[in-house]
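The values are calculated or read from the model by the stated rules, or taken from the named source; none is laboratory data. Quantities reported herein were computed from a predicted structural model and do not represent experimental measurements. Glycine also receives a Cβ, built like all others from the backbone with ideal geometry; neighbour counts cover every protein chain displayed. Ligands, DNA and RNA are excluded from the accessible area calculation, which covers all protein heavy atoms including side chains. Shrake-Rupley method; radii C 1.70, N 1.55, O 1.52, S 1.80 Å.
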Amino acid sequence: MDAGEMLTMVVHGPEPFDCGDVRRLISSPGSMRIIVAGVMGRTAAEESGLPCECCGVPPSQVLAHLDGPTFLLNHGKTQESGRTFGEIIAGRLGRGLVHVECTPGTVFCWNGGDAVLAEYLAAHLGYTVKSEQALPQGGGPVREVRGCVPGEPVFVNGIVIGRATAGTVVLRERDGTVEVVSGLQVKPHGLEKLARSGPVHLSGAWCKSGQIRRRPPARGGERRDRGRVVVLDHCGHHFYDLLTPDTCGILAIGDDTTAVTGHIASHRGIPVLGVTDGDRDGVVDGTFPEGSVVIAVTTGRDDEVGREIADTVPAGGTRWDEWVACVLKMVEGRARIALDQRQRP
């Protein structure tokens, strides 16, 4: 292909940034447009300092609206999960796809994708090329989450619903709720939280397994003393959707939502007030920026206490430290401080 032709790379997840795959590819001749899909992918992209465009939609939706030489970049946790991911995306697209999968070092040419582009990328990376066929992804009530490792958490729309007991977890949608068919040790409280979040349509839901990022976050960003408090109630994957320039802090409700929010917020320097009750699933290492406080509920559940705290969030601006101090007084006797990263006089 023409070395001067603009290539578009759609990056999925944080691993291609954390492992240096993106930097290797942008060193190829010619110019490269980088589009990042996914919440943790955006966090890793921002930390890398590379010029990227970020969007909050799945990779298949990004790819469907792109023209010209385009490819998908992924770094799966295993060879099987990486290949499966590309197969799912190609099946949703319903057309050719070039998929660079870094775990086995393979460029997959799905459904008659651009063979010239595939060979070009493989030559630059020292990868092999494989031509594969992906069947169309059905929009029915059953959804398979493949490439799981037994024991790891399984998510639907950012909420952990259990732990995998097999390589494939089978879920079924019934009247907007999710039922487990096989391959999962169910977390009943997780299914309850998912049901409270509203109707779920599995064909378009975000389903994944395993840790959402393995590398610790970079720290940085200037704190705002005063501004708006954002509420994330069991929905850490909506971090960037709700963030505004005047955000001074984040109320995160739920153990894993608190951990995910602290991780993402660290590189922006935005403090977090986390409300937990001890059912964390270890989806990401817990790291928090200065000014953060995590409380562990001792009476009741994080859901109820979190919603009570959310009702105290001012509609306008507030001073973060003063609001947090008021909250801690309000929950005294019902929660203990599990982590306190406020500055002391």
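Using a probe of 1.4 angstrom and keeping all protein chains present, the accessible surface of segment 110-152 works out to 55 square angstrom per residue. For segment 67-175, trypsin sites (Lys or Arg not before Pro) meeting the loop criterion (DSSP other than H, G, I, E, B) and having at most 14 other Cβ atoms within 10 Å: ARG95. Taking the longest Cα principal axis of the chain as reference, the axis of helix 255-266 is set at about 70 degrees.
Only lysines eight or more places from LYS193 in sequence, or on another chain, were considered; those with a Cα closer than 20 Å are LYS208. For the chain, the longest principal axis of the Cα atoms and the long axis of helix 320-330 meet at an angle of about 60 degrees. In terms of its Cα atoms, segment 91-202 spans 49, 27, 21 Å along the principal axes, sorted from long to short. Computed with a 1.4 Å probe over protein heavy atoms only, the accessible area of ASP175 comes to about 150 Å².
By the rule of a C-alpha distance below 16 Å, with chain neighbours fewer than 8 residues away ignored, the aspartates and glutamates paired with LYS329 are GLU308, ASP311, ASP321, ASP340.
Hey, of [x] 5, 24, 34, 26, 8, 1; [y] 5, 24, 31, 23, 12, 4, 0; [z] 5, 24, 28, 19, 13, 8, 3, 0, which did the structure itself give for P(r) over Cα pairs in 10 Å bins from 0, in percent when calculated? The value matching this structure is [y].
Classify segment 83-151: rounded, prolate or oblate, from the alpha-carbon gyration tensor (a ≥ b ≥ c, eigenvalue square roots; a/c under 1.5 rounded; otherwise prolate if a/b is larger than b/c)? Please report the intermediate quantities before stating the final value.
Working: a/c = 3.85, a/b = 1.48, b/c = 2.60.
The shape class here is oblate.
Accessible surface area normalised per residue over segment 200-260 is 44 Å², counting heavy atoms of protein chains with a 1.4 Å rolling probe.
When the Kirkwood hydrodynamic radius is evaluated over all pairs of different C-alpha atoms of segment 189-345, what value in angstrom, to one decimal, is obtained? Don't jump to the answer; show the numbers that get you there.
Values: mean 1/r = 0.0630 Å⁻¹.
About 15.9 Å for segment 189-345.
Shown for the chain: the carbon plus sulfur share of the solvent-accessible area, taken with all protein chains present and a 1.4 angstrom probe, equals 49%. Per-residue SASA remark: MET32, around 40 Å² accessible (1.4 Å probe; ligands, DNA and RNA not included).
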